[in-house]
Amino acid sequence: MTLKTFGPVDERALEQLQRCATGAEFAVLCADHHPGYSQPIGGAVAYKNFISPSGVGYDIACGNKAVLTDAYLSDIDVAEIMDDIVRLIGFGVGRPNPDPVDHEVFETIENSPFEPQRQLVAMARQQLGTVGSGNHYVDLFADESDRIWIGVHFGSRGFGHKTASGFLALAKGKSFEDRAGEGEMDSPPVLLDVHTPLGEDYLAAMHVAGDYAYAGRDMVCAKVMEIMGARQIESVHNHHNFAWRETHMGEEVWVVRKGCTPAFPSQKGFVGATMGDSSVILEGVESTDSAEGLYSTVHGAGRIMSRTQAAGKMKWIKGRPTRVGTGLIDWEKVQTEIAGKGIELRGAGADEAPGAYKKLDEVLGFHEGTIKILHRLRPVGVAMAGSDTYDPYKD
């Protein structure tokens, strides 16, 4: 097994990756990595005959989409647009879409090759076009020419979470509807042979969840363009929690990426930073490091603090999730700093403050020679769920 790392290595994340890579062909740890459930976030593992529901994770097909619009910063009222975004787009756990619509992806779900997944169509209908919480967002950016980009980050919401937890239960000999129990952070990977009925069912269901996530991000970006009165010029769209059939070093393998952006030569990707720092549009380039890294790059800046460290503990009080205790982040100070940069912030909290993350430019520097930066996008508007929102569907 060949294992490639980028940047300083977190030992716990490396141990997780090594555990997941037992029996794998190749593995990689990107520079934004940190420990995750079973497989580290920022880690990719290539299996010859296995797929890993724990590797893909609970937020199947979480990903990013960026849209270059025909609007310029001088053309728009950012504050008014951000107010409309939080009013017209659902943020947070269980939030239904304020303006439900029909979409062909519902027919895909109703005809899923994996029959139990068809029963989730009602949830899918309610949540299509909602964003969730945690590090999921809808942002407005200005590029080097002050052109406005829309950037979003979220996945397959409750539909994907139910799909993932159902297969983790099936892997334990339970039924799809049973609770699997997440287990310990350092649990061994759940592996399914792709040549078994269960492995085939998971692959089919994963792709349906991927279609749903793509549809949701498309819908949210379209809604923001409608709010702005703008049109799309270009888009960049990728999953970063998914598995793909690919060829690496002459081997046909299933590459399970968790928090990794695919970056094949000439393939574009949108990588978000923190609410106060510039994000990027990048493109993969050919190199030895690229090949050894399974043509994978970062999906964000990467956490250096847990949510509890940054914001304090979350407890349920009178039926509501409430932050208790003091975290390491002074949220009032952060809000003042964000406002001082001219960024219109809606929602969010200390657990998503810039200080809880690495610096994206530093992280990208460790991938030098594998990617090139096409655009730098400075945030002008950031919308996230509020700090009092708990969301089990985040990645």
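State which residue is most open to solvent (accessible area, probe 1.4 Å) when the search covers only the stretch 169-196 and only residues that are of a type in the set (A, V, I, L, M, F, W, C) and in contact with a Pro (Cβ under 8 Å, 6 or more places away or on another chain). Even if it seems obvious, please write down each step before you answer.
Filtering the stretch 169-196 for residues of a type in the set (A, V, I, L, M, F, W, C) gives 169-171, 176, 180, 185, 190-192, 194.
Retained after the next criterion (residues that are in contact with a Pro (Cβ under 8 Å, 6 or more places away or on another chain)): 171, 176, 185, 190, 192.
On the way: Ala171: 46, Phe176: 22, Met185: 73, Val190: 32, Leu192: 13 Å².
So, considering only residues that are of a type in the set (A, V, I, L, M, F, W, C) and in contact with a Pro (Cβ under 8 Å, 6 or more places away or on another chain), the one most open to solvent (accessible area, probe 1.4 Å) is Met185.
Rundown of residues vs (1) crowded, with 24+ Cβ neighbours inside 10 Å; (2) free of Cβ contacts under 8 Å to residues at least 40 places away in the same chain; (3) in a strand (DSSP E or B), yes/no style:
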site	(1), (2), (3)
Thr130	yes, no, no
Leu140	yes, no, yes
Ile148	yes, no, yes
Gly151	yes, no, yes
Lys162	no, no, no
Phe167	yes, no, no
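Scan the stretch 262-272 for residues that are surrounded by 24 or more Cβ atoms within 10 Å (Cβ to Cβ) and either in a strand (DSSP E or B) or touching a His at 6+ places or on another chain (Cβ under 7 Å) (or both) and the total you get is 4.
Within the stretch 18-34, can you find the residues that are closer than 22 Å to Ala171 by Cβ, crowded, with 24+ Cβ neighbours inside 10 Å and either under 15 Å from the mean Cα position of the chain (by Cα) or among the aliphatic types (A, V, I, L, M) (or both)? Talk me through it step by step, then tell me what you get.
Our first condition is that a residue be closer than 22 Å to Ala171 by Cβ; within the stretch 18-34, this holds for 18-25, 27.
From what is left, the residues that are crowded, with 24+ Cβ neighbours inside 10 Å are 20, 24, 27.
Within the stretch 18-34, Ala24, Ala27 qualify.
Within the stretch 311-346, being in contact with a strand residue (DSSP E or B) (Cβ under 7 Å, 6 or more places away or on another chain), in a strand (DSSP E or B) and modelled with pLDDT under 95 holds for Lys313, Met314, Lys315, Pro321, Thr322, Arg323, Val324. At pLDDT 95 or above and either open to solvent by 20 Å² or more (accessible area, probe 1.4 Å) or assigned to a strand (DSSP E or B) (or both): does that describe Leu294? For Leu294, the condition - at pLDDT 95 or above and either open to solvent by 20 Å² or more (accessible area, probe 1.4 Å) or assigned to a strand (DSSP E or B) (or both) - is not met. Among the residues of this structure, Val280 does not count as one that is touching an Asp or Glu at 6+ places or on another chain (Cβ under 7 Å) and not polar (S, T, N, Q). Annotation for the stretch 66-87: at least one member residue is surrounded by 22 or more Cβ atoms within 10 Å (Cβ to Cβ), within 17 Å of the chain's Cα centre (by Cα) and small (Gly, Ala, Ser). Taken together, the residues in the stretch 169-183 that are touching a helix residue (DSSP H, G or I) at 6+ places or on another chain (Cβ under 8 Å) and part of a helix (DSSP H, G or I) amount to 2.
Of everything in the stretch 223-261, what is in a strand (DSSP E or B) and basic (Lys, Arg)? Give them in sequence order. Give the derivation first.
Within the stretch 223-261, the first condition is being in a strand (DSSP E or B), and the residues that meet it are 232-239, 241-248, 251-258, 260-261.
Within the stretch 223-261, Arg245, Arg257, Lys258 qualify.
Here the condition is being in contact with a Gly (Cβ under 6 Å, 6 or more places away or on another chain), farther than 24 Å from Pro40 by Cα and modelled with pLDDT of 95 or more; of Pro265, Pro197, it holds for Pro265 alone.
Taking Tyr37 as the residue in question, decide whether it is among the hydroxyl-bearing types (Ser, Thr, Tyr) and open to solvent by 10 Å² or more (accessible area, probe 1.4 Å). The answer is yes for Tyr37.
Do we find that Val101 is more than 27 Å from Lys268 (Cβ to Cβ), of a type in the set (Val, Ile, Thr) and surrounded by fewer than 15 Cβ atoms within 10 Å (Cβ to Cβ) in this structure? Considered against the rule, which asks whether it is more than 27 Å from Lys268 (Cβ to Cβ), of a type in the set (Val, Ile, Thr) and surrounded by fewer than 15 Cβ atoms within 10 Å (Cβ to Cβ), Val101 comes out as yes. Residue count for the stretch 184-222 under the criterion of being free of Cβ contacts under 8 Å to residues at least 24 places away in the same chain and either closer than 19 Å to Lys258 by Cα or not in a helix (DSSP H, G or I) (or both): the result is 3. If the Cβ limit is 6 Å and pairs must be 6+ apart or interchain, which residue in the stretch 268-286 that is without any contact (Cβ under 8 Å) to a residue 40 or more places away in the chain and within 21 Å of Met305 (Cβ to Cβ) pairs with which residue that is open to solvent by 30 Å² or more (accessible area, probe 1.4 Å) and part of a loop (DSSP other than H, G, I, E, B)? Once the first residue is without any contact (Cβ under 8 Å) to a residue 40 or more places away in the chain and within 21 Å of Met305 (Cβ to Cβ) and sits in the stretch 268-286, no partner that is open to solvent by 30 Å² or more (accessible area, probe 1.4 Å) and part of a loop (DSSP other than H, G, I, E, B) comes close enough.
The values are calculated or read from the model by the stated rules, or taken from the named source; none is laboratory data. Note that this is a predicted model, so its numbers are computed, not measured. Don't worry about glycine lacking a Cβ; one is built from the backbone with ideal geometry, like all the others, and counts go over all protein chains shown. These area figures cover heavy atoms from the full protein model, side chains too; ligands, DNA and RNA do not enter into them. Shrake-Rupley method; radii C 1.70, N 1.55, O 1.52, S 1.80 Å.
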